[in-house]
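To start, the structure under review is shown below, and the notes come after it.
The values are calculated or read from the model by the stated rules, or taken from the named source; none is laboratory data. Predicted model only: the values in this text are computed from it and were never measured. Using ideal geometry, Cβ is built from the backbone for each residue, glycine included, and neighbour counts are taken over all protein chains shown. These area figures cover heavy atoms from the full protein model, side chains too; ligands, DNA and RNA do not enter into them. Shrake-Rupley method; radii C 1.70, N 1.55, O 1.52, S 1.80 Å.
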Amino acid sequence: MTPLIRSGSAADEAELAAIAHMPTRSLPILVDGGFWPQLSDRDFMRVAVLLARKSYDEGGCPIGAVIVDNASRHIVGKGHNTLVQENHPYNHGETAAIRDAGRIDFSATTLYTSLSPCAICANLLHMRGFPRVVVGDVTSAKGTETWLQQQGLQVDVLEDAEGIALYQRFRAEQPDLELEDWRGLAGKPQQ
């Protein structure tokens, strides 16, 4: 079977959306191996933001993440926040991507996240040995970038305008859900 996305083709929004929505284990069927090395950090961040949009469209918190193998540049894990969709309090974008990647050596990968990681996710990134994290939105949530750097991780901020606007819209529309995602039900205002 010939992959639909081949090396040399432009990484346009339609191709990145197909990558975001295709199960990770099916990506070798969709994407030619020579396509991955041409993708930039910005392209991988776009996939994370498209996953955030998927969560938002499902009624959830708009946070997505992608894990990329540093040598091959292949996506090895991806996910989005499913607090609402799966009734899961800590299946954030980062944890969903880690779960999707499975039992791999994360010290050979980079994680792209559409929003600054919470303290739990930051600790998990440190514990699993990620060497690098790329954050797409620090304006909506000043998170743990300094702490991650103190733990030896390289943290790059690559803000994505669509991702920032999407999270700010979500925050305005559902402030209680945003608080619950960061702090649990105990963090929500009492009625």
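Only four residue types carry charge here, +1 at the Cβ of Lys and Arg and -1 at the Cβ of Asp and Glu. Report the dipole size of the chain about the Cα centre in Debye, rounded to the nearest 20.
My answer is approximately 400 debye.
Under the 0.36 nm per residue contour assumption, what length would be gained going from the current alpha-carbon distance of T139 and Q38 to full extension?
33.5 nm
Over the chain, with the other protein chains present, what is the accessible area per residue in square angstrom, probe 1.4 angstrom?
Normalised by residue count, the accessible surface of the chain is 46 Å².
By DSSP, what percent of the beta bridges with both residues in the range 43-191 are antiparallel, rounded to the nearest 5? It would help to have the intermediate numbers written out before the result.
Working: 10 of 18 bridges.
Around 55 percent antiparallel, to the nearest 5.
Here are a few candidate values for semi-axes √(5λ) of the Cα gyration tensor in Å: (1) 24, 20, 15; (2) 27, 19, 15; (3) 34, 19, 16. Which one was actually calculated from the structure I just gave you?
Read-out from the structure maps to (2).
Restricting to DSSP H runs of at least four residues, report the calculated mean residue ellipticity at 222 nm for the chain, -39500 (n - 2.57) per run over all residues, nearest 500 deg cm²/dmol. Could you put the intermediate results ahead of the total?
Details: 8 runs with 76 residues, N = 191.
It lands at -11500 deg cm²/dmol.
For the chain, with all protein chains present and a 1.4 Å probe, just round the carbon and sulfur fraction of the accessible area to a whole percent. Intermediate results must be reported in sequence, preceding the final value.
Working: 4720 of 8820 Å².
That share works out to 54 percent.
What does the charge add up to near P3, with Lys and Arg as +1, Asp and Glu as -1, over the other residues with Cβ less than 15 Å from its Cβ?
On the way: positive: R6, R25; negative: E15, D32.
Charge balance in the 15 Å sphere: 0.
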